[in-house]
Amino acid sequence: MNQKVLVTGATRGIGREITKQLCALDFSVFATGRDRQLLDRLKKETGCQGAACDLSDAESVISLYTQAGEGLGSIDVLINNAGFNPGKRPVVEVDAAQLDASYAVNFRAPYLLCREALKEMGQRGRGHILNVVSTIARTSAPNYSAYCSLKYALHGFTLCLIKEARQVGVKVTGVYPGGTDTDFRAEERPDYLKPESAAQMIVQCINAPDDVVVHELVYRPMVESNF
Ligand SMILES: NC(=O)c1ccc[n+]([C@@H]2O[C@H](COP(=O)([O-])OP(=O)(O)OC[C@H]3O[C@@H](n4cnc5c(N)ncnc54)[C@H](OP(=O)(O)O)[C@@H]3O)[C@@H](O)[C@H]2O)c1
């Protein structure tokens, strides 16, 4: 079946690679990010649909789900991949605006998209939601308190969602990649996962047999030992 997928954070890094790999496998993809130029390039390269959206605005998040549903016909798979790393900052230097920004993108946006997806997928009795969390939500790190806390929130929400969604036939997967060499951080990390590899794990999970639900997908580069 030609599955229809909404991917957030598709203009760069892991999300861009997910989009490329799914399109190559004949999935229909609606991609989103803020950068219009990068989005246009991705559409040309892959044939995906897409629209720019700033996920820090709650109303735009809801409109995005509607727009993607209209573009694709319906949404079989939602991949909440977009995330935002505000950079390293000790607790004593984090202000309310930085905390709010992290909350809006790393937690509220995926929460609202899951809510919209669950309403619709639940009625159909099928669908798959994947929330890209991080191995940071299995450990902790100094100077990453805002990012780490909101990823923990997304982890907790995903565990609740797994239980609610299964009652209406919807699969939910928490995805916990380790360090990946993307634009996410200022410095290059060739010792980390390639974004193609991080994406491939997610694509394999979407392609799992129908009778399998992967609740947690945890993977790391060999250099990472935060377990
Ligand atoms: N890289 C890592 O080491 C690592 C490790 C574990 C988990 N993760 C998680 O994996 C996911 C993907 O990360 P990545 O490494 O691929 O990051 P990335 O290269 O920085 O890409 C982030 C994506 O999110 C989008 N995004 C950020 N803020 C947004 C906003 N306000 N509205 C809409 N889109 C927004 C960006 O789009 P625009 O730039 O177009 O706005 C971009 O497409 C994130 O959830 C991240 O937390 C990453």
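Structural remarks
- If you check 17, 70 for being of a type in the set (D, E, K, R) and under 27 Å from residue 152 (Cα atoms), only one passes: 17.
- Residue within the stretch 201-217 that is closer than 21 Å to residue 104 by Cα, in contact (Cβ under 8 Å) with a residue 60 or more places away in the chain and open to solvent by less than 70 Å² (accessible area, probe 1.4 Å) present: no
Let's see how each residue does on (1) open to solvent by less than 20 Å² (accessible area, probe 1.4 Å); (2) aliphatic (A, V, I, L, M); (3) within 11 Å of the ligand (Cβ to nearest atom); (4) touching a strand residue (DSSP E or B) at 6+ places or on another chain (Cβ under 6 Å):
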| position | (1), (2), (3), (4) |
| --- | --- |
| 66 | no, no, no, no |
| 97 | no, yes, no, no |
| 100 | no, no, no, no |
| 119 | no, no, no, no |
| 125 | no, no, no, no |
| 133 | yes, yes, yes, yes |
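- Considering the stretch 159-200, the residues that are in contact with a Pro (Cβ under 9 Å, 6 or more places away or on another chain) and farther than 13 Å from residue 17 by Cβ include one that is surrounded by the fewest Cβ atoms within 10 Å (Cβ to Cβ), namely 191.
- Of the criteria (1) of a type outside the set (Gly, Ala, Ser); (2) touching a strand residue (DSSP E or B) at 6+ places or on another chain (Cβ under 6 Å); (3) within 11 Å of the ligand (Cβ to nearest atom); (4) over 22 Å from residue 177 (Cβ atoms), which one residue 57 fails: (2)
- Of all residues in the stretch 27-35, one or more are surrounded by 22 or more Cβ atoms within 10 Å (Cβ to Cβ), away from the ligand (no atom under 13 Å from the Cβ), modelled with pLDDT of 95 or more and not β-branched (Val, Ile, Thr).
- Within the stretch 25-36, residues that are of a type in the set (Asp, Glu) have Cβ atoms under 7 Å from residues that are open to solvent by less than 90 Å² (accessible area, probe 1.4 Å) and more than 7 Å from the ligand (Cβ to nearest atom) in these pairs: 26/2, counting only partners at least 6 apart in sequence or on another chain.
Results for (1) of a type in the set (A, V, I, L, M); (2) farther than 17 Å from residue 128 by Cβ, shown as yes or no for each residue.
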| residue | (1), (2) |
| --- | --- |
| 2 | no, no |
| 8 | no, no |
| 22 | yes, no |
| 25 | yes, no |
| 32 | no, yes |
| 37 | no, yes |
| 47 | no, yes |
| 58 | yes, yes |
| 67 | no, yes |
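- Being open to solvent by 30 Å² or more (accessible area, probe 1.4 Å) and without any contact (Cβ under 8 Å) to a residue 24 or more places away in the chain holds for only one residue in 140, 145, and it is 140.
Matching residues to (1) modelled with pLDDT of 95 or more; (2) of a type in the set (A, V, I, L, M, F, W, C):
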site: 7; (1), (2): yes, yes
site: 10; (1), (2): yes, yes
site: 18; (1), (2): yes, yes
site: 25; (1), (2): yes, yes
site: 55; (1), (2): yes, yes
site: 71; (1), (2): yes, no
site: 84; (1), (2): no, yes
site: 94; (1), (2): yes, yes
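- Number of residues in the stretch 68-82 that are over 24 Å from residue 144 (Cβ atoms) and open to solvent by less than 30 Å² (accessible area, probe 1.4 Å): the value is 8.
- Only residues that are among the β-branched types (Val, Ile, Thr) and either touching a residue at least 60 places away in the same chain (Cβ under 8 Å) or within 11 Å of the ligand (Cβ to nearest atom) (or both) were counted across the stretch 163-186, and they come to 3.
- Of the candidates 85, 106, the single residue that is under 12 Å from the mean Cα position of the chain (by Cα), at negative phi and either open to solvent by less than 70 Å² (accessible area, probe 1.4 Å) or touching a residue at least 24 places away in the same chain (Cβ under 8 Å) (or both) is 106.
The values are calculated or read from the model by the stated rules, or taken from the named source; none is laboratory data. This one's a predicted model, so the numbers in the text were calculated from it and none came from an experiment. Cβ atoms come from the backbone with ideal geometry, glycine included; neighbour counts cover every protein chain shown. Note: areas computed on protein heavy atoms with side chains; ligands, DNA, RNA excluded. Shrake-Rupley method; radii C 1.70, N 1.55, O 1.52, S 1.80 Å.
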